[in-house]
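Below is one structure, written out as structure tokens; comments come after it.
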Amino acid sequence: MQVKTNALSPSRWTGDAIVLFLFEGDMEPIGLLGDDVAQMTGDRAARVVFSAKADTFLALNAPGERVRSVYLAGLGKKEKVSIDAWRRAMAAAVKQAGRDRHLKMLAVPGGEASPAVSAALAEGALLGEYRFDKYKSKDDPSEVPTVLEELHIHEGDKEAIEKGLITARAQNFARDLANEPGNVINPVTLAEQARRMAEETGIECTILDEKKMEDLGMNGILSVGGGSHTPPRLIHMIYRPVGTPSRRVAFVGKGLTFDSGGLNIKPGDYMRSMKGDKTGACNAIAIMKAVSEIKPGFEIHAFVGAVENMPGGGAYRPDDVIRMFSGKTVEVDNTDAEGRIVLGDVLAYASKQEPSVIVDMATLTGACVVALGGYTAGIFTNDPDLAASFMEVSRSTGERLWELPMDDERLKKKIRSEMADVVNSGGRYGGAITAAMFLREFVDEGIKWLHMDIAGVDTSDEDYGYYRKGATGFGVRTCLEWLSKYESR
Ligand code: BES
Ligand code: MN
Ligand code: ZN
């Protein structure tokens, strides 16, 4: 899809469809559409009592020659509108245009096309058209929507549109990787995908194989990967700016290409969807893709622990004691609490590069989904300013975040072990927090660190806004937006 700004008046524009964005209680912008369509649009909108509440949508056939469809997309009350409402409204229009077999659409934000809105519209369009249907052999053609060829944004901000496109392409890339099943994406093939992207974009990429990890003593990763026929990989990607970088930021991703639970095997219902236990990794890799295009002024690293947790003969066991890369020892209580063991090694390895900030993303705990529901990610940090900046960014990206506390010293005792430094499971209560406390043990003193538990938000069980059933790429937009804010601080 080509997305560009367009200065031509909507009353003179020709194409397949026009989408007009409306605030609740203000139908006046319909006049912008021109006499040939405005009156019929207004009449029919009045007849169906179109409210323009957020996430409402009305598709109308236009009688004229100039355009074939007029869409009205509701944003809700003007005083309360969020940037995300624009994004979702644009996605709804793109989805409808696909069903209506349209190829060329004009988006009319009605004088509201700020840079933020322009970026959101570009994002909503690309995210909304996303499909993952590569494994479907010959669909019924009437069920396959067409893909929009051209989207014109009336008086859109050119630079912001470009930024939105980069962001959305990265998010869709993360979704593509995450939607792949475990028999296609395993630790080795995930590393290959990362390397391929790196070669295409000029990002540095080093992949540590099992032998190298043995030499380094990365026994956390090796233990979790022991039960699988596919050996683990540690993926390390680096973007270096031209000139002297002002600082160094590291993204870390949990890359469990499949989590069966290991010997503490998951029951069937819980194992289903565990191909999605790699979404933190997919996000980190996708962020690097966007970074290669945005070219920020500081050095950015991505570290991914790519591992498959299986109950094979080489599997690690409950009761095992693991000496981690950092030197700390972990007693294994439950082999299904594997993500924190993998990340323990990755965080310690990332720390060695002395970044000023580490942001990790992980589908870490079911407990986080129980605490916050499936639409809000938990954040945990050792730096209050970092939490505040992520919360602020989350308001414009629409990726909901909520901070959970890390200062409960009584709860921290749950990960104490009789015989080792820590135990890998702190039990049911406060499970998202004790998991984060476990991770904290492996981040070097003095490094600002934020952990995002994306369990639940990483996949959508329904079509909603710009999401489709499947991987969401949740976190990519927020991290990229945070990076651009962080750069200017
Ligand atoms: N990958 C899971 C967490 C998860 C659950 C992600 C549901 C997405 C949806 C993780 O490895 C896991 O199994 N965690 C256990 C921890 C427990 C054994 C302490 C959990 O949440 O039950
Ligand atoms: Mn698990
Ligand atoms: Zn897991």
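For L450, the residues whose amide H sits under 5 Å from its own are I358, V359, D360, ignoring neighbours fewer than 5 places away on the same chain, with H placed 1.01 Å from N.
The loop-placed GluC sites (Glu not before Pro) in the range 9-86, going by DSSP, that have at most 12 neighbouring Cβ atoms within 10 Å of their Cβ come out as E65.
Packing around the peptides 338-348, 66-76, 122-132, taken as the average count of other Cβ atoms within 10 Å per residue, puts them in this order, highest first: 338-348, 122-132, 66-76.
Among beta bridges from DSSP that stay inside the range 2-156, the antiparallel ones total about 20%. Of all DSSP-defined beta bridges confined to the chain, some 35% are antiparallel rather than parallel. When the helices of the chain are scored as -39500 (n - 2.57) per DSSP H run of n ≥ 4 and the total is divided over every residue, the value at 222 nm lands at -11000 deg cm²/dmol. Farthest toward the positive end of the dipole of the chain, out of P115, S51, M40, is the Cα of M40, where the dipole comes from beta carbon charges about the Cα centre.
Charged neighbours of T257, selected by a Cβ distance under 13 Å, balance to -2 (K, R count +1; D, E count -1).
Applying the Karplus relation 6.51 cos²θ - 1.76 cosθ + 1.60 with θ = phi - 60° to the range 450-467 yields 3J(HN,Hα) values of 10, 10, 10, 8, 9, 4, x, 6, 6, 10, 10, 8, 8, 6, 8, x, 8, 8 Hz, where x marks Gly and Pro. A protection proxy built from the mean count of other Cβ atoms within 10 Å ranks the segments 309-319, 361-371, most packed first, as 361-371, 309-319. Of the cross-linked pairs K295/K352; K412/K448; K4/K158, those separated by over 18 Å at the C-alpha level are K295/K352; K412/K448. Among the trypsin sites (Lys or Arg not before Pro) in the range 360-446, those located in a DSSP loop and surrounded by at most 15 other Cβ atoms within 10 Å of their own Cβ are R416, R428.
A DSSP coil position with no more than 16 other Cβ atoms inside 10 Å describes the following GluC sites (Glu not before Pro) in the range 371-458: E418, E445.
Computed from the coordinates by the stated procedures, all read-outs in this text should not be read as laboratory data. As the structure is a prediction and not an experimental result, all values here were calculated from the model. Cβ sites come from the backbone with ideal geometry, for glycine too, and all protein chains shown count toward neighbours.
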